[in-house]
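Presented below is the structure to which this report refers.
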Amino acid sequence: MPVNVAIVGPAGSGKTTLFNALTAGRGADGVGMVDVPDERLQQLAGAVKPLKVTPAQVRVEDTPPGSRAQRVAFARQSDVLVKVARCFGPEPQPAAELEEFALDLVLADLASVERRLEAVAKEVRAGKKDATAENEVLQLAKEHLDAGRPLRTLVLEGEQRDLLKGVFPVSLKPAVYVANAADELLPLGGGPAAKVSELGAAEGAPVIVLSARLEAELGELEAHEQAEMRAGYGIDESGLGRIARAVWEAGGLITYFTAGEPEVRAWPCERDAPAPVAAGKIHTDFEKHFIRAEVTSVNELVEAGSMEALRAAGKLRVEGRDYRVKDGDVVFFRVGR
Ligand SMILES: Nc1nc2c(ncn2[C@@H]2O[C@H](COP(=O)(O)OP(=O)(O)OP(=O)(O)O)[C@@H](O)[C@H]2O)c(=O)[nH]1
Ligand SMILES: [Mg+2]
């Protein structure tokens, strides 16, 4: 399952422009698969010389036209939200517009929490096991939402968080903020972008300043022309690269690699996932029939040239089912049948 990223935010903030930039115009009907740039893949490929190199991918979706309620419903279907704010053009009001959008998410969650509370209150009266715990969490959530605050900022234990999942809370989703700035204010974006940075910081969400229109134009140039033009604006990395890293950070993801001669490949995985779960990203059978993981790092593999060379030298770490796969691990999974 690829990571699902929804581009959301206030009307006219540049969502579609950003979508076109990220998907290099190859998206269809507002949906596109985007390769995640990662220079470690090239390092591995240089050493292993595989037949094929496969980057991690995210599925990016642009908010379709529709009512405010439809826009919220759309945001609900994703894993990570990229919230775009207009920091260009006449009288940009990114903070006010983002807050208005955030309030739409909060009100939608409030409605679903209240609906669920009614049902759970009945269950509590009927003495149903577990209903009390859920009732408690829903009450906490309701108070928080009533105060106009997103569920992201409600401090909950892991188990309590799980109890909330039944209402598919959209204000609990991890978010990345994009301050869509005027070209002439790059790379920092000026006052409006600073407001977005404040909002993001208050929620612990990553913030990226870029110009969606400029990114779309840059995408049409040759690599060396792109680099030159970026440098002129004081930007050292593509907007796509920066957004991908922010999505990984916000979504709690890491990347591990597999590196054989047929294919060198990057795999997105939840941080702290046990080895069998990480193996399950490759194939569901790998999770079931997991035996052990043989692990090294990108640097060690690049030095040795192949997994076989490391294995022969006794330098592959052998890890069991309790091992938590780390960002930058190169893994060979031993699976039974
Ligand atoms: N100057 C400038 N204009 C931009 C930028 N990004 C988008 N625009 C312009 O802003 C207008 C709205 O852009 P869209 O990408 O359609 O915005 P949207 O968020 O998809 O709009 P809705 O889907 O209607 O909510 C268009 O005229 C774009 O050309 C930018 O980075 N700089
Ligand atoms: Mg649009």
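The values are calculated or read from the model by the stated rules, or taken from the named source; none is laboratory data. In this text, all values refer to a predicted model and were calculated from it rather than measured experimentally. Cβ coordinates were reconstructed from backbone atoms using ideal geometry, including for glycine residues, and neighbour counts include every protein chain displayed.
Observations on the model:
- Annotation note: of Leu22, Leu44, Leu18, the sole residue that is within 14 Å of ligand 2 (Cβ to nearest atom) and within 26 Å of Arg265 (Cβ to Cβ) is Leu22.
- Residue check, Val80 modelled with pLDDT of 95 or more, more than 19 Å from the chain's Cα centre (by Cα) and more than 13 Å from ligand 1 (Cβ to nearest atom): no
- Hits in the range 187-232 (condition: acidic (Asp, Glu) and not in a helix (DSSP H, G or I)): Glu220, Glu222
- Residue pairs whose Cβ atoms lie under 9 Å apart, separated by 6 or more positions or on different chains, with the first residue in the range 109-132 and farther than 22 Å from Ser171 by Cβ and the second in a loop (DSSP other than H, G, I, E, B), are Lys122/Lys128; Glu123/Asp130.
- Taken as a whole, the condition of being buried (at least 20 other Cβ atoms within 10 Å of the Cβ), β-branched (Val, Ile, Thr), within 16 Å of ligand 1 (Cβ to nearest atom) and over 21 Å from Asn20 (Cα atoms) applies to Val196.
- Counting only strands (runs of 3 or more DSSP E) that sit wholly inside the range 1-97, those with at least 3 residues that are touching a residue at least 40 places away in the same chain (Cβ under 8 Å) are 3-8, 52-54, 57-62, 80-87.
- Taken over the range 261-298, residues that are assigned to a helix (DSSP H, G or I) and touching a residue at least 60 places away in the same chain (Cβ under 8 Å) amount to 1.
- Filter pass, Val124 being under 28 Å from Leu253 (Cβ atoms) and either in contact with a strand residue (DSSP E or B) (Cβ under 9 Å, 6 or more places away or on another chain) or modelled with pLDDT under 95 (or both): no
- Flag for Val34 being outside the structural domain of Thr63 (by TED's automatic domain parsing) and more than 15 Å from ligand 2 (Cβ to nearest atom): no
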